[in-house]
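The structure appears below as structure tokens.
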Amino acid sequence: MSFGGKTVLDGVSLDLAPGGVTALLGANGAGKSTLIKVLSGVHAEHRGRVSVGGVAAELRTPLAAQRLGIRTVHQHIAAGVVPGLSVAENLVFDELAGDRGNPLRSGRRVLLRAREIKATLDLNWSDRVLRRDVAELGLSDQQLLILARALSTRPRLLILDEPTSALSAAEARRLFAIVERLRSDGIAVLYVSHRLGEIDSLADRLVVLRDGRVTADLPRPFDWDAALRAMLATAQAATTLRPADAGPGNGEVALSFRGVSLLPERRPQDLELRAGEVTGVVGLLGAGKTELAAGLTGVAAFRDGGLELDGKPYRPKHPADAIRDGVYLVPEDRHADALIPGWSLAQNLSLPFLRSVSGFAGLISPAREAERARRTIARLGVVARDEHSLIEELSGGNQQKIVVGRWLAQRPRVLVLDEPFRGVDIGARRDIGRQARALAGDGAAVLVLSSDIDEVLEVADRVLVLVDGEIRLDTYDPEPDRILDTLATLGGPR
């Protein structure tokens, strides 16, 4: 399966047996979501073959997949519910969307059928709840609704994509009991999760994807060291930007926190970031990296604990507060959170600092804006026609350079980079890494968060390993095997 000339799935073969729970593990960008969409009938234009019960199947639409008994509970819950319709109507939505003569057009029949469907998961929802707008339900209840709807037709294959991401520990345990029941009923389950403890408890088999290929297919008992090596590649960075004498520096503490809970029901954590150092944080999806970045930069305030910036209390309630104090974020998703399509490179670069490119009466000076952009383009080696090129005309790597370059001209006190190398080529990766090292050399504290060990080892003086919201390793002498061993620590559902 390819998009725009880039191969996303490369010769993937997978057999799913009745009554078996197969876990699918892979880092972001490994191809998991694309594979799920192929099996769900969302992506039909692939160069492979799908068979159901030994018979070739044409999965041209999600409805075609459902009719063959393939049901999917997607990770993005909002895609599975229809706001404006009641909880009951959402429970019976697949049947409501059928023929015009459907007897469920009657409100009373909708309610009766909704009661039957909710009973599949023993959901204790009263008729009053069933009549409410589904948008009034919390995320965990919406996810349980989608799961109950999927199970109402007794599927042949149930695909669960990060199913516990919005569930409490009690709700997760209920889900695990349901998966065990499905196994005993002969239903095939494809369980996609980044939580190793869940996989270790539930799965009969573990399949690992990396770069669109199956790199491991393991039976129980699972060899987690082998699984993580298959997912993350051998943790041996071919080159490094770290200085040869990397070790604990003498820089003062730039930013610190005490008693911060990165994830619910996890122990509070302490952390100090020092000026002149690049600190790398390695963690799998869901380990708390994004929560760490968001709390430090005012995107989503920490629920507890205390923060200090240069020894003074620091509690940003909004990104503007953090920016004013010199704490900047390069977010994980540049398209959704960092770039404005239809704007030029110069406009995207100057957006957070309009005063610096404004002149008389606060009007933006095109000349100042263009000059600022030309300096950034030269500094990072951005490949573009000129500073007036639209941001969408650039490659992914050059777009990322613009996102990073936006903050460099203002000399940050702390720069937080969340998955800064995702979707960029090796050349752009090293250019961005050099800028991170240069910033640290100028006295800034730099925090790089990544699920890729090689990326962190290439650039960081100090490495932290984050597992289930807790710092399990903090070292200036990062050994790849030790990092892998720490990442393989199993944790149960939160």
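The values are calculated or read from the model by the stated rules, or taken from the named source; none is laboratory data. Please read these numbers as outputs of a predicted model, since none were measured by experiment. Neighbour counts run over all protein chains shown; Cβ positions are idealised from the backbone, glycine included.
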Hits in the range 319-370 (condition: charged (D, E, K, R) and within 26 Å of the chain's Cα centre (by Cα)): ASP321, GLU332, ASP333, ARG334, ASP337
Sort out which residues of the range 186-219 are part of a loop (DSSP other than H, G, I, E, B), out of contact with any Lys or Arg (no Cβ under 8 Å at 6 or more places or on another chain) and among the charged types (D, E, K, R), and write them in order of number. ARG195, ASP211
Of the criteria (1) crowded, with 19+ Cβ neighbours inside 10 Å; (2) outside any helix (DSSP H, G or I), which one ARG154 fails: (1)
Examine the range 141-151 for a residue that is free of Cβ contacts under 8 Å to residues at least 40 places away in the same chain, farther than 21 Å from ASP94 by Cβ and assigned to a helix (DSSP H, G or I), and state whether such a residue exists. no
Name the helices (runs of 4 or more DSSP H) wholly within the range 296-406 that hold at least 2 residues that are in contact (Cβ under 8 Å) with a residue 12 or more places away in the chain, not assigned by TED's automatic domain parsing to the domain that holds LYS6 and not charged (D, E, K, R)? 319-324, 345-350, 366-380
Filter result for the condition that a residue is among the acidic types (Asp, Glu) and in contact with a Ser or Thr (Cβ under 7 Å, 6 or more places away or on another chain), over GLU171, GLU180: GLU171
Restricting to the range 116-129, what's the tally of residues that are buried (at least 16 other Cβ atoms within 10 Å of the Cβ) and assigned to a helix (DSSP H, G or I)? 3
Counting just the residues of the range 3-58 that are touching a Lys or Arg at 6+ places or on another chain (Cβ under 7 Å) and of a type in the set (S, T, N, Q), which one comes out nearest to TRP224 (Cα to Cα)? THR22
What single numbered condition from (1) within 14 Å of LEU273 (Cβ to Cβ); (2) surrounded by fewer than 24 Cβ atoms within 10 Å (Cβ to Cβ) fails to hold for ASP454? (1)
If you take the residues of the range 157-183 that are among the β-branched types (Val, Ile, Thr) and in a helix (DSSP H, G or I), which of them is nearest to VAL92 (Cα to Cα)? ILE178
Scan (1) in a strand (DSSP E or B); (2) crowded, with 21+ Cβ neighbours inside 10 Å; (3) not β-branched (Val, Ile, Thr) for the single condition SER51 breaks and write down its number. (2)
Tally of residues being in a loop (DSSP other than H, G, I, E, B) and either within 17 Å of VAL50 (Cβ to Cβ) or polar (S, T, N, Q) (or both) across the range 5-23: 11
Can you tell me which residue is modelled with the lowest pLDDT among those in the range 95-112 that are under 36 Å from the mean Cα position of the chain (by Cα) and surrounded by fewer than 15 Cβ atoms within 10 Å (Cβ to Cβ)? GLY98
Which numbered condition in (1) of a type in the set (A, V, I, L, M, F, W, C); (2) under 27 Å from the mean Cα position of the chain (by Cα); (3) modelled with pLDDT of 90 or more; (4) farther than 22 Å from ILE187 by Cβ is the only one that LEU85 fails? (2)
Residue hits (the range 413-443; outside any helix (DSSP H, G or I) and either within 23 Å of the chain's Cα centre (by Cα) or surrounded by 24 or more Cβ atoms within 10 Å (Cβ to Cβ) (or both)) are VAL414, LEU415, VAL416, LEU417, ASP418, GLU419, PRO420, PHE421, ARG422, GLY423, VAL424, ASP425
Kindly indicate which of ALA336, ALA320 is hydrophobic (A, V, I, L, M, F, W, C) and closer than 27 Å to PHE257 by Cα. ALA320
